[in-house]
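The values are calculated or read from the model by the stated rules, or taken from the named source; none is laboratory data. These numbers were taken from a predicted model, which means no experiment stands behind them. Don't worry about glycine lacking a Cβ; one is built from the backbone with ideal geometry, like all the others, and counts go over all protein chains shown. Keep in mind that these areas ignore ligands, DNA and RNA; they rest on the heavy atoms of the full protein, side chains included. Shrake-Rupley method; radii C 1.70, N 1.55, O 1.52, S 1.80 Å.
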Amino acid sequence: MKRSRRNFLRDTACGLTAAAVVNSLDRLSLVNAMVQQQNSVDIASDYKALVCVFLSGGSDCNNMVVDINQFSSYSTVRGNDSTAPNLGLTQSVLLPISPVGGSYGLHPNLSPEANNAGATPGLLKPWNDGKLALLFNYGSLLQPTTKVQYQSNVNGAFRPYQLFSHSDQVAQQMTSISNRTGQTGWGGRVADNTGSLNGVTVLPMNVSVAGTNLFETGVTSRQLAIGTGTLQTVLNLNWSGPASATPFNNGSAYRQLLGFDTNTALVKGASDTMNQALTADTTLNQPDPTFLAFPSTGVLNTSISNQLRQVAKLIILRNSLGMHRQIFFCSVGGFDTHTNETSANPIVPNGAGGQGNLLTQFSQATRAFYDEMVAQGISDSVTLFTLSDFGRTFQASGSGAGTVGSDHAWGSHGFIMGGAVQGGRVYGTYPTLALNGPDDDGGNRGRWIPTTSIDQYGATLARWYGLDPNLLTTVFPNLSKFPTQNIGFLG
């Protein structure tokens, strides 16, 4: 869809941070657009946030969720191979769930409390409450692809660029560009095209608690990378002039100057930006907000739990910061489980092998975050979702109890959680668990050809977030090649 110059300027101005706008005040047209936007009805009257949790390294979807109706096939490959002990799970340890049309088992450490009394809880309750959904076998695709089409790859139309490579598949998950190296992320492009929903704010729409990332990189919007400490470190304004004129005191000479000549667009833009910065400085340089449900660091103290604590703080302060839309990025590393993926006792929360231990951290942290959003009365407006490099091979890599793991594959499963999620349901199509079967790419390793694209996944989230449906193919250029643009997991 072709956008008008006014709308482009509007979203561009609102996508910049206040600091960036201050550095561009000589561009009168940009500031004028910014000022017009501050008085515009385009600013959202509600609040919504997307929270991406990236499972870095490629999480083994075959152990995260098992199709009980295919368990004999699962056990044949993962349970009965003497060269690969401790890779498969027994049916008795799986946590049964029964959505319409199927019967599945979750990895036991996706809800550790089910087998360990007193353990910090995981994801079973949100699932049972209808607030957690599963998306089966999604991944990077150029277009809907069958096994025959993948193997023939006529004109290169069916194989994503550099398939099975970590760096390239991470990029494709973050950009939704699967035929080349993408330069901007789909989270960044969503921000580029929804900046007007926020109006002009001091903090950017996109905030990362896991370092700068491609997912939140836009053309005009910027991302803010913060740590997991106190929010008082996020914004620090300093004053070197006379104490009587300090802008940090209401009624000072500096504050009075901010009220002069506001009929001039350039001056008003500068004054409004400074006022917003001062308000944000006051908000952030207070003691961190009080949690109502998130366990203390004495109970839950992992990297991902600390990242999600920081996200929760900013969401709690959303009104004081003037935020209407926010996109957050978090990450859990270590899922590249070529070796030591599981253990002989996978129900032990922190003794379940590489993937099992990480799923403990993931499930407990995301459950704590969800519970906090419920306690704060904001859960309907916050949607958490997962991405990962790719899935892993159904067949083991390596051999021996101490080394066995899995290799790089393709399709994987995603988790979506929040008050607006149509949960307790599964979406997409679970693969046929057969080496060289209809969903295997033909390598005889169990690398599943995705049946849902990252474009469809992202578009469903972006549309709920507030992206104009007419701009979906601007953000997701490949989306038009897929018959379904809304998977339906969000109300």
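The portion of the accessible surface of the stretch 118-222 made up by carbon and sulfur, rounded to a whole percent, is 50 (1.4 Å probe; DNA, RNA and ligands excluded). Once the Kirkwood radius over Cα pairs is known for the stretch 92-203, the Stokes-Einstein relation at 20 °C and 1.002 mPa s delivers a diffusion coefficient of 118 µm²/s.
Of the cross-linked pairs Lys131/Lys313; Lys48/Lys147; Lys125/Lys147, those separated by over 28 Å at the C-alpha level are Lys48/Lys147; Lys125/Lys147. Taking each residue as 0.36 nm, the span from Gln151 to Ser45 lengthens on full extension beyond its C-alpha to C-alpha distance by 33.2 nm. Put a plus charge on the Cβ of each Lys and Arg, a minus charge on the Cβ of each Asp and Glu, and nothing anywhere else: the dipole of the stretch 95-194 about its Cα centre is then about 240 debye. Note that the stretch 332-491 presents 29 Å² accessible area per residue, ligands and nucleic acids not counted, probe 1.4 Å.
Computed from the Cα positions only, the extents of the stretch 400-476 along the three principal axes stand at 51, 26, 21 Å, in decreasing order.
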